[in-house]
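Just below is one structure, and these are the notes that go with it.
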Amino acid sequence: MSQLPRLRVTQRCLRDDLGLDVAHASRDARHYCAEHEALQTFVGKRSGAPDVGEPALRMGPSHGSVKTLHINRGRAVTIFDADKNVCWLIGYGPTHAKGEDRDVFNDFERLDGRGELLPTADDYELLETLSTAAQIDALTELGLALYEEARSEPGVEVNRTLGLKDGKEGSMLIVVDLEVFDDGEAEQGWIVFTIPPQTGIGEEQLYDVLGAILPANMDGDSLTMVAKVGDRAINYNELAWTWSCYPDA
């Protein structure tokens, strides 16, 4: 498979099985897997092998399509949609006790019998909807890579355009420009985000991105919004910051 599969969790599984906010359903599980042990295993096992696992023979639309996943003493079930290149986590429970009423597979089978186990039309709609959270995830990934590139070439401006597709709104382009100066004793940098209004991303969300991509030893008081980068005034649809970092401080 040339492209990594998307990893999603159904809204029912998020709410009922994992006890997490259903808003995560619009995000790839890789970006919030730290919130639950089952998600960590799901991401670790299914990222490279989305359709591998022991078949759950009595569930799913066809023989063996639902696969089991061991989570210590618990179990989860997943299903891979090759057409959409997405692997779904559809159920989880902390207790596997074969032959006993408390066995989580009994719950999975009951859900399947009621037509509530597999991803719903609403789950698939979210798959094609570009939420603000999903945009922040993609922007953070880009920012981390761009920051490392800028640090490897001090004084050279690097930039990338992040193209995002929304099944409802069309395409959105977010441009990031980043420049870092490092003389071995101190680091100073500038970052500019060009954000289309329809993204829903504002100053507050961008502080979360900055917190994820900038160095942990950054002088927090030095992180300042600026109206100019060098001699250039920023445009109406841009947001820009500068920061300082002293590695030995």
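Values as computed for the structure displayed
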read-out: Calculated FRET value between ARG110 and TYR246, using beta carbons and R₀ = 51 Å, to 0.05; value: 0.30
read-out: Listed residue (GLY74, CYS33, CYS87) projecting farthest to the positive dipole end of the stretch 31-99, Cβ model; value: GLY74
read-out: Å² of accessible area per residue within the chain, as computed with a 1.4 Å probe and no ligands counted; value: 52 Å²
read-out: Principal-axis tilt of helix 37-46 within the chain, Cα atoms, nearest 10 degrees; value: 90 degrees
read-out: Net dipole in debye of the stretch 40-83 [+1 Lys, Arg Cβ; -1 Asp, Glu Cβ; about Cα centre; nearest 20]; value: 280 debye
read-out: With eigenvalues of the C-alpha gyration tensor scaled by 5 and rooted, the chain, Å; value: 43, 19, 15
read-out: Percent breakdown of C-alpha pair distances by 10 Å bin, ordered from the shortest bin, for the stretch 33-123; value: 17, 52, 29, 2
read-out: Neighbourhood net charge (11 Å Cβ-Cβ; Lys/Arg +1, Asp/Glu -1) for TRP190; value: -1
read-out: Residues whose placed amide H lies under 5 Å from that of ILE234, excluding near-sequence neighbours; value: LYS228, VAL229
read-out: The chain: relative contact order as a whole-number percent, Cα under 8 Å and 6+ apart; value: 13 percent
read-out: Cα-centre dipole for the chain with unit charges at Cβ (Lys and Arg positive, Asp and Glu negative), debye to 20; value: 1280 debye
read-out: Peptide ranges 40-52, 213-225, 81-93 listed from the most packed, as the mean C-beta count within 10 angstrom indicates; value: 81-93, 40-52, 213-225
read-out: Degrees between helix 203-213 axis and first principal axis of the chain (Cα, 0 to 90, nearest 10); value: 80 degrees
read-out: Heavy-atom accessible surface of the chain: percent carbon and sulfur, 1.4 Å; value: 48 percent
read-out: Computed FRET value (nearest 0.05) for ASP103 with ASP51, which takes r as the C-beta separation and R₀ as 30 Å; value: 0.80
read-out: Environment charge of ARG46, counting only residues whose C-beta is closer than 11 Å and scoring Lys/Arg +1, Asp/Glu -1; value: +4
read-out: Projected label distance in nm at THR129 and GLU37, using a 7 Å step from Cα toward the beta-carbon; value: 3.2 nm
read-out: Most mobile of VAL226, VAL66, VAL209 in a GNM of the chain (Cα contacts under 10 Å); value: VAL226
read-out: Most mobile listed residue (ASP231, ASP112, ASP137) in the chain, GNM with C-alpha springs under 10 Å; value: ASP231
read-out: The stretch 127-249: C-alpha gyration tensor shape, a/c 1.5 cut-off, then a/b vs b/c; value: prolate
read-out: LEU20 long-range amide H proximity, modeled H, under 5 Å; value: ARG15
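The values are calculated or read from the model by the stated rules, or taken from the named source; none is laboratory data. What you see is a predicted model; the values in this text were computed from it and never measured. A quick note on method: Cβ atoms are made from the backbone with ideal geometry, for glycine too, and the neighbour counts reach across all protein chains shown. Side chains included, ligands, DNA and RNA excluded: accessible areas come from the protein's heavy atoms. Shrake-Rupley method; radii C 1.70, N 1.55, O 1.52, S 1.80 Å.
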